[in-house]
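Engineer: There's a structure below that I have some questions on.
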Amino acid sequence: MPSLKDIKTQINSVGSTKKITSAMKMVAASKLRRSQEKAEAARPYSSRLEEMLSSLASSAASGEGIIKLLTGTGSDQNYVVVPVSADRGLCGGFNSSINRETFKLVKSLEGNGKKVQLMAVGKKSRDFFNRVMKHQIIESFVDLNVSSTGYESALNISNKLQELYFDGKFDKCILVFNKFKSAISQEVTQQQLIPLDVSNSEKEEEKENSSNAIYDYEPDEETILKDLLPKNVSIQIFKVLLESDAGEQGARMAAMDNATRNAGEMIDSLTLKYNRTRQAFITKELIEIISGAESI
Amino acid sequence: MATISFDLVSPENLVFNDEVGTIIVPGKDGDLGILPGHSKVMSSLRPGRVMVYSEDKNLIKSFFVSGGFAEINPEKCIVLAESVVEVNSLEKTSIEKEIQELENKEGKESEEQLSVAKAKLEAINVNYYDKI
């Protein structure tokens, strides 16, 4: 049976843990608000860009060079998978679900005879894949800190990806990231980045075409498309980074809220145990005294 | 007089959003003056000044953009720019220093940066379009 002092120390240590987790929760909550604002501020740009692209996409039948970002390389043997995780832990299943999903994706692609390479974003996915499939990592990006560095960080990733793509190093690129649904729920999502997936924007395009007259293009459609496509890749990455950042804060907030509550419960049950034990000691001592007095 | 709604969007935020009278954007093939009821045009932009005027032709704001796209239709003009700064907040000395540094460097990237920086300097120095 633990002594009173043991229980007391335990209560104290759980108490200080609770203080830490509740502080972390509050920090995450305020960061969440900021990240969310950032993510929302970036939305108009990416949605406008998508609109422009979808109205242009039809004009590009096939081609060489930059147009390949839209039309693909014509093969689908080599994949690059980009898991986007956080740099820090203590945010529930946020990172592990990304890693698990990516791992599954890689295995299933390999099962179909494809070659898969990884480009890890965030310390947690880099560390994980360094352990399980080290030879497949071609590049990793850590300490991005997207909420303070902004667009630059996305540009780095996108430049690297495009460089590899135009060198013919891969045919398809898939992002795996946590989509920010609400402050307490994130959804692991896969998005095909290269070649651009226009299938879901095609419907909008039809709608637009029917209601709108045709645009004049200056200088011409192809030149615009050539400018637009690389930019779109960077913007998509930027959007994903921001969403993931907001998701991370949300996940951390939820995890820390849980931890705080659990710590509270634990303190309650420990206090109960402490009081019981204290009472048991008193009773025991009383019995000893009484039985001692009786025996005289 | 009618107005046209104008959005200036950068990747990080929505910089400007209001009803205005006239906008001048630096199109790749030459500057475009946009009035309400403009025909539908989609244009890519070169680095330069985006000027915004009120209905009675007074300059409201001028921005420097480092390139991007403009989508124009009769009711709305949207400019997607990669980086946006107000021309007033640009500092001549720091840009001149930047240009000097970039001139010593080689490579495609610094060349691009150089042309942007030169356009920045020009944006401060010129004053045409201040009154239309």
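Engineer: Name every residue in region B:1-17 that is more than 14 Å from every other protein chain (Cβ to nearest Cβ) and either under 20 Å from B:GLY48 (Cβ atoms) or in a strand (DSSP E or B) (or both), in order of residue number. Break it down stepwise before answering.
Structural biologist: Taking region B:1-17 first, the residues more than 14 Å from every other protein chain (Cβ to nearest Cβ) are B:1-4.
Scanning region B:1-17 gives a single hit, B:ILE4.
Engineer: With the condition kept exactly as written, say whether any residue in region A:178-197 is within 14 Å of chain B (Cβ to nearest Cβ) and either in contact with a strand residue (DSSP E or B) (Cβ under 6 Å, 6 or more places away or on another chain) or charged (D, E, K, R) (or both). Reasoning before the result, please.
Structural biologist: Start the filter on region A:178-197 by keeping residues that are within 14 Å of chain B (Cβ to nearest Cβ), which leaves none.
Within region A:178-197, not a single residue is within 14 Å of chain B (Cβ to nearest Cβ) and either in contact with a strand residue (DSSP E or B) (Cβ under 6 Å, 6 or more places away or on another chain) or charged (D, E, K, R) (or both).
Engineer: Moving to a separate point now. Would you list the strands (runs of 3 or more DSSP E) that sit entirely within region A:69-163 and hold 1 or more residues that are farther than 12 Å from A:CYS173 by Cα and polar (S, T, N, Q)? Explain how you work it out, then say what you get.
Structural biologist: On the way: elements: A:78-83, A:115-121, A:137-141.
Ranges flagged: A:137-141.
Engineer: If you don't mind, another one. What number of residues within region B:67-89 satisfy the criterion of being of a type outside the set (Gly, Ala, Ser) and farther than 30 Å from A:LEU229 by Cβ?
Structural biologist: Kept after step one, since they are of a type outside the set (Gly, Ala, Ser), are these residues of region B:67-89: B:69, B:71-80, B:82, B:84-88.
Of the ones still in play, those that are also farther than 30 Å from A:LEU229 by Cβ are B:88.
Matching residues across region B:67-89 total 1.
Engineer: Next question. Cβ-Cβ distance below 6 Å, separation of 6 or more or different chains: which pairs start in region A:130-158 with a residue that is within 14 Å of chain B (Cβ to nearest Cβ) and end on one that is small (Gly, Ala, Ser) and surrounded by 19 or more Cβ atoms within 10 Å (Cβ to Cβ)?
Structural biologist: A:VAL146/A:SER153; A:SER147/A:SER35; A:ALA154/A:SER234; A:LEU155/A:SER234; A:SER158/A:SER234
Engineer: Of all residues in region A:138-164, which are on the phi > 0 side of the Ramachandran plot and surrounded by fewer than 18 Cβ atoms within 10 Å (Cβ to Cβ)?
Structural biologist: Start the filter on region A:138-164 by keeping residues that are on the phi > 0 side of the Ramachandran plot, which leaves A:143, A:145, A:150.
Across region A:138-164, the qualifying residues are A:ASP143, A:ASN145.
Engineer: Mind telling me which of the residues B:MET42, B:MET51 ends up being touching a Ser or Thr at 6+ places or on another chain (Cβ under 6 Å) and assigned to a strand (DSSP E or B)? Explain how you work it out, then say what you get.
Structural biologist: Working: B:MET42 fails: touching a Ser or Thr at 6+ places or on another chain (Cβ under 6 Å).
Checking each option against the conditions leaves just B:MET51.
Engineer: Oh, and also: If you go through region B:91-117, how many residues are free of Cβ contacts under 8 Å to residues at least 24 places away in the same chain, part of a helix (DSSP H, G or I) and within 27 Å of A:LYS160 (Cα to Cα)? Outline the logic, then answer.
Structural biologist: Our first condition is that a residue be free of Cβ contacts under 8 Å to residues at least 24 places away in the same chain; within region B:91-117, this holds for B:91, B:93-94, B:97-114, B:117.
So of that shortlist, the ones also part of a helix (DSSP H, G or I) come out as B:93-94, B:97-104, B:108-114, B:117.
Going one step further and asking which of them are within 27 Å of A:LYS160 (Cα to Cα), we end up with B:98-99, B:101-104, B:108-114, B:117.
Qualifying residue count, region B:91-117: 14.
Engineer: Moving to a separate point now. Give region B:28-60 a look and list any residue that's within 13 Å of the chain's Cα centre (by Cα), closer than 17 Å to B:LYS76 by Cβ and exposed (fewer than 15 other Cβ atoms within 10 Å of the Cβ), or say none.
Structural biologist: Listed by number, the list holds a single entry, B:GLY33.
We did not get these values from a lab; they are worked out from the coordinates using the rules stated. Please read all numbers here as calculations on a predicted model, not as lab measurements. Heads up, the Cβs are rebuilt from the backbone with ideal geometry, glycines too, and the neighbour counts pull from every protein chain shown.
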